[in-house]
Structures are given as C-alpha cells and as structure tokens.
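Participant: Below are the structure tokens for one structure; questions will follow.
Read the figures in this text as sums done on the coordinates, not as results from a lab. Given the structure is predicted, the values throughout are model-derived calculations rather than measurements. Every residue, glycine as well, gets a Cβ built from its backbone with ideal geometry; the counts of neighbours run over all protein chains shown.
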Amino acid sequence: MTVIDFHTHLDSNWFERPLIDRDSFIASMDRCGVDIACIFTLMGFYTDCPGANDRLAAHARAKPDRLVPFITVDPKLGAAAVEELERCLADPIFRGVKFHNWLQAVACSMVKETMLEVLRRSARAQLPLLFHDGTPPYSTTFQIADLARWVPEATIVLGHAGLADYVYPAGQLIRELPNLYACYCGPKVGDLRYLLEAGGAEKVLFGSDFGFGDWRMLAERMDDVYEAGLGPRELELVMGGNARRLLRLPESAAAQGRPRNAS
Amino acid sequence: MSQGRMIDAHAMLGEENHLRLEADELLRRMDANGIELALARPMGSELAVNHRAGNDRVTRSPSRIRGLVSVNPWFGQAALDELNRCRDLGAVGLFLHPSRQGFMPTEPIVDPIVGRASDFGWPIMLHTGTYIQSDILAVAELARRHPKTDFIAGFSGFTDMWFELPGVFGSVANLYMDCSMIWGVAIEEIVSLHGSSRVLFGGAEPRNRYSVVLKMIGRLKLSPEQLRDLVYNNAQRIYRLP
C-alpha cells in the first residue's frame, strides 16, 4: 500500500514560529511510513504567492519521488492571480491547487469572477483544488462545497472534512456532490466511519496538516486512520488510492515497504 | 502505554448524529484500555433539550462512570431545580455547551447556574472551539468572574482556537485543559509554560478513541510525575474523587 498524505505544509516559518526543514520533513515521513506528501505553502497565504510557489517547486525537484507541490494564488489580486496560476500550470511538477480562504482573508463569493476562472482553468488542467474548510467566516464547509456547484467539472476537496464542527454536513455534501471530496485531516476516529458511509470510500483522502511540530503530529494523524478498524480496501483508498487517482500519479510513483504507524 | 491508574475526564453518552455510545460499551472500552473511571456527559438531544433524560443516563450508569450533568441556563429556576436533583443522584460536575444550548458564557443567566455548581463543589466543563458562543476566551472571562470555581475548556478550543491556549491558560489560574481532542504539541506547550497541574486526560469517546489519545500521550516528552498528573491526579483532585 502506498501512503499519500494529501495535506501538509512545508515552509520555513509560520510568523514567529520556525517550522521543520525539508530533511526533517522527509525523515518524519520515513519514520511514519508516508511515501508521498502533497506540500502546501503557509506564509504564501499571506504574501508573495509566486515566491512561495517557486520554493515549493524547488522542494519537489529536490525530492521528486516524495513531494508533490500545490499552487497557491491570491484571488484578491484578480487577473494577476490567474496569471500566476497559468505560470504554475505550465510547470508539470505542480499537481494541485490549494486555497486557505480563512488565512487569505477572502470569501470565494467576494471574488467570484476570479475564482470561477481559477476553478475552470484548474479543471482543464485536471488539477484538484483543496480548500481549508470548517472555519468561519470565509471557510465554512458549506462555502467550500458550493464551489463544486459553481464549476461541476472541477475537483474540489474539503481540506479538513468539516474539521471540528462541520463533519456531519461534510458527509452530507460529499454524498450529494459528485465532484466534492473530503480530506480526513482533523476529524476523529468516530467521524471517519461516518464519512466513509456517507460519501463512499472513494471520496475520503488521508491528510495530516503535518509541517507544524515534529514527526509526532504526523503519527497522531495516522493513528486517526489506523485505529478506525477499516477494511483493507477502505484503508488502501483512504491512505493513498484516492489521492493517487486525483493526482493522476502512475502506479510506480511511490516507494514501498516503509515502516507503518510509528510509536 | 501504561500509566497506572487513569481517569477519563471527558466521555459522552447517548446519541448525536453519527455518534452513539451506551454505558456498557463505554465500560468495555475502558476495560480494554485500563481506564479506571470515566466522567461522562450527555450529547445530542439529551444535551440540547432533554436534560433530565441525559442526566439520568449519566448518573444512573454503572459506578465506574460518573455523571457530568447538564442544564440549559435559559430555564432559570427549573435548571437550578434539575441541578439539585442531579446532586442527589450523585453527579460530580456540570457540563455546558454554549453553542448547542444557545447562550454566551458571559450572559447573566449563566451566573446562577455557576453559583449552584460552585455550592456543590462541582467543576464546570464548557465546550470550546466553536466560534461565537463557545469561544475559549469567553469561557476564560467566566472563569475570571468565578475565581473559586474550577473550569475546564472542553476539547481545549479544538481546533482553530489552539493558538489562544498559552495566553488564556497563563492569565486564568482556575482554567483547566481537556486533552481529549487536541494534539500533543499543544499539551506539551501548556505543561512547559504553566506546569502539569491543569491538564486532564480525556478520551472523547465515541468521537475519539482511547487508543488514539493514549498513543499521543505516550509520545509526550513529560516526566512520569507530570504524566500521572495528566492521567489521574488532576481529575481526582478537582472532582474530589475517592
């Protein structure tokens, strides 16, 4: 089974807090048995998206078999955001798009024309778009799910499957909307079974939010899956199969046989 | 992980959307994980509106499950009467959910409820982490108004109020941390800044699992004494358990 973490952050710092570097990040993946990580910016949500995108691409080029970078643009910039998206879409190393509307301080409906353009162009490039969800006022699960209705051909991922307070509607929404997925990143074991029953095992992807703290954060989030008692098929889909499909990764893309469930 | 005696300071009984747990199943999970005692509160309709049923459920469970009862402060005298009834049933604490029950922790209707719980010597856990009513800083304000009562931040602001934790625990001495949903790094930070006397192990069953929380606790860089505070001593002390 190839393990793909669909939600991590690899950046130098979060304001005053230094974050772990790439070597420590990869070592943590090895320790916990993660083959591939989708990497997002953190400071790029606030400033200098192009610089953040370039840094993520450089990380991925240094570890092309382990790190998959996602593009972030600032939709408040209108046409400049679309231009930055296009610049990154021209680089095949990027395999997804990440927004964090809460930290980016804008609801998608406030910049709807720009977001429609971003969603359509990402859909044409067959890149999934992952949005932070579960946090008012700009990132409620309902706000993010609505994007799947705006552009049905786009693949939209709830970045936290409802997080703390929106898990129940997250399950309802991934069942309702065929192009809406849930990244199980934050909810707990009792929520996972519900998400799988509500949306189907093909609609739920493992994510950790790793990048904060040390390897233990990653191990904790993996426990959230491994302690849920999933069957082999569900486990394979949640831990990697669904991510591989959305990212259009070849079967040979990941190393095998790394340790599992670090203690 | 083996930490000796353990008290779960936050379990939930009843049914709420996709979550459900009966007392016998909670006991089974406690036995499987070496939990001596669990403090359980109602959930779902028995937390939001049918308080008497929920309070009966948690106080009439087997003796290894002790009741954190709940009332809605908007019911006024009827809520106080229900607290009296619960005291006679052996409740050990009060649980309030400002979001589900529709009040701001600093509203005047809350003070008589807090006063009655204080008269009984009960700690008070309030749900935190849901924006507006369940703001962890609003719970801190309530704790400042009632400095002789122990308050527990249920779920410790999980998730996006976590960055308030170091400041809020530093400024309010009678506020405690429920470790049942939060990640290990946050617990270590609170212990390093404010000591180990204000952190409580909880399983958040049935939403979380003992196995997950105990693995997380087992990875914490804490001394054996600090771990004992977390998993047993603090709950035993503030809930005055035998």
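Participant: Within 10 Å of each candidate Cβ there may be at most 15 other Cβ atoms; applying that plus a DSSP loop requirement, which trypsin sites (Lys or Arg not before Pro) in segment B:140-195 survive? Write out the running numbers ahead of the final one.
Facilitator: Details: sites: B:144, B:145, B:148; in loops: B:148.
Here the sparse-neighbourhood loop sites are B:148.
Participant: Continuing with the same structure: Quote the Stokes-Einstein diffusion coefficient, in whole µm² s⁻¹, for segment A:1-137, based on the Kirkwood radius over alpha carbon pairs, a temperature of 25 °C and a viscosity of 0.890 mPa s.
Facilitator: Values: Rh = 15.3 Å.
Reported coefficient: 161 µm²/s.
Participant: Follow-up question, since we're still on this one. I'd like the mean, over residues of A:161-167, of how many other protein chain beta carbons sit within 10 Å of each residue's own Cβ.
Facilitator: Values: counts 0, 0, 4, 12, 8, 1, 4.
Other-chain Cβ atoms within 10 Å of each residue's Cβ, averaged: 4.
Participant: OK, next. Please go through the residue pairs A:188/B:221; A:63/B:215; A:98/A:188; A:112/B:215; A:63/A:203 and name each one whose alpha carbons sit more than 32 Å apart in this structure.
Facilitator: On the way: A:188/B:221 23 Å; A:63/B:215 30 Å; A:98/A:188 23 Å; A:112/B:215 44 Å; A:63/A:203 28 Å.
Long pairs (Cα-Cα over 32 Å): A:112/B:215.
Participant: Which trypsin sites (Lys or Arg not before Pro) from segment B:183-231 combine a DSSP loop assignment with at most 13 other Cβ atoms within 10 Å? Working shown, then result.
Facilitator: Numbers: sites: B:198, B:207, B:209, B:215, B:219, B:221, B:228; in loops: B:198, B:207, B:209, B:219, B:221.
When the trypsin sites (Lys or Arg not before Pro) of segment B:183-231 are filtered for loop state and at most 13 Cβ neighbours within 10 Å, B:221 remain.
Participant: Cα centroid distance between segment A:81-121 and segment B:117-192, in Å?
Facilitator: 37 Å
Participant: Right, another one. Provide the three semi-axes, in whole Å and in decreasing order, of the ellipsoid equivalent to segment B:82-125 as defined by the square roots of 5 times the Cα gyration tensor eigenvalues. Please report the intermediate quantities before stating the final value.
Facilitator: Values: eigenvalues 72, 25, 15 Å².
Semi-axes, largest first: 19, 11, 9 Å.
Participant: Next up: Rounded to whole Å and sorted largest first, list the principal axis extents of the Cα atoms in the protein assembly as shown.
Facilitator: 70, 45, 41
Participant: On average, how many beta carbons from a partner chain sit within 10 Å of the beta carbon of a residue in A:209-216? It would help to have the intermediate numbers written out before the result.
Facilitator: On the way: counts 2, 0, 0, 4, 6, 4, 1, 10.
That average works out to 3.
Participant: Another one. Averaged across orientations, what area in nm² does the convex hull of the alpha carbons in segment B:130-242 project?
Facilitator: 7.1 nm²
Participant: Another question about this same structure. Compute the distance from the alpha-carbon center of segment A:131-166 to that of segment B:21-80, in whole Å.
Facilitator: Taking the Cα centre of each part, segment A:131-166 and segment B:21-80 sit 33 Å apart.
Participant: Need one value for B:206-212: mean number of C-beta atoms belonging to other chains within 10 Å of its residues' C-beta atoms.
Facilitator: For this peptide, the per-residue mean of nearby foreign Cβ atoms is 6.
Participant: Return P(r) of segment A:93-236 (all Cα-Cα pairs; 5 Å bins starting at 0; whole %; ordered from short to long distances).
Facilitator: Each 5 Å bin holds this share of Cα pairs: 2, 10, 20, 22, 20, 14, 7, 3, 0.
Participant: Describe numerically, in nm with one decimal, the distance between label points set 7 Å from Cα along Cα→Cβ at residue A:65 and at residue B:241.
Facilitator: 5.0 nm
Participant: Please compute the contact order of chain A in relative form: average sequence separation of alpha-carbon pairs under 8 Å and at least six residues apart, divided by the residue count, as a percent.
Facilitator: Working: 530 pairs, mean separation 58.9, N = 263.
It rounds to 22 percent for chain A.
Participant: Please give the FRET efficiency for residue A:83 paired with residue A:1, using the beta carbon to beta carbon distance and R0 = 35 Å, rounded to the nearest 0.05.
Facilitator: Values: r = 40 Å, r/R0 = 1.13.
Here the calculated transfer efficiency is 0.30.
Participant: Distances longer than 27 Å among the Cα atoms of chain B: what percent of all pairs is that?
Facilitator: Working: 7676 of 29161 pairs.
Every Cα pair in chain B considered, those over 27 Å come to 26 percent.
Participant: So for segment B:24-94, Kirkwood radius off the Cα pairs, Stokes-Einstein at 25 °C and 0.890 mPa s: how many µm² s⁻¹? Kindly include the intermediate steps, with their values, before the conclusion.
Facilitator: Details: Rh = 12.4 Å.
In µm²/s, the coefficient rounds to 198.
Participant: So what is the diffusion coefficient of chain A in µm² per second by Stokes-Einstein at 4 °C and 1.567 mPa s, using a Kirkwood Rh over Cα pairs?
Facilitator: Working: Rh = 17.9 Å.
It comes out at roughly 72 µm²/s.
Participant: Based only on Cα atoms, what mean projected area does the convex hull of segment B:1-137 have, in nm²? Display every interim value, and only then the final one.
Facilitator: Numbers: hull surface 34.7 nm².
For segment B:1-137, averaging the hull's shadow over all directions gives 8.7 nm².
Participant: Only counting other Cβ atoms within 10 Å, I'd like B:75, A:25 sorted with the fewest neighbours first.
Facilitator: Numbers: B:75 15, A:25 25.
The most exposed by this proxy come first: B:75, A:25.
Participant: Something else now. If contacts are Cα pairs under 8 angstrom and at least 6 residues apart, what is the relative contact order of segment B:67-108 in percent?
Facilitator: On the way: 31 pairs, mean separation 20.8, N = 42.
It rounds to 49 percent for segment B:67-108.
Participant: Continuing with the same structure: Could you work out Rg/(2.2 N^0.38 Å) for segment A:83-174, with Rg from alpha carbons only?
Facilitator: The reported ratio for this selection is 1.04.
Participant: Something else: Going through segment A:111-212, which GluC sites (Glu not before Pro) have at most 15 other Cβ atoms within 10 Å and a DSSP loop state?
Facilitator: A:153
Participant: Taking only the alpha-carbon atoms of segment A:55-120, what semi-axes of the equivalent ellipsoid follow from 5 times the gyration tensor eigenvalues under a square root, in whole Å, largest first? Walk me through the numbers on the way to the answer.
Facilitator: Numbers: eigenvalues 115, 31, 15 Å².
Ellipsoid semi-axes (Å, largest first): 24, 12, 9.
Participant: Counting only Cα atoms, I'd like the Rg/Rh figure for segment B:81-155, Kirkwood definition for Rh.
Facilitator: Working: Rg = 11.7 Å, Rh = 12.3 Å.
Reported Rg/Rh, Kirkwood definition of Rh: 0.95.
Participant: I need the Debye-formula profile for segment A:151-190: one equal scatterer per C-alpha, no solvent, reported as log10 I(q)/I(0) at q = 0.21 1/Å, two decimals.
Facilitator: Those come out to -0.58, one per q.
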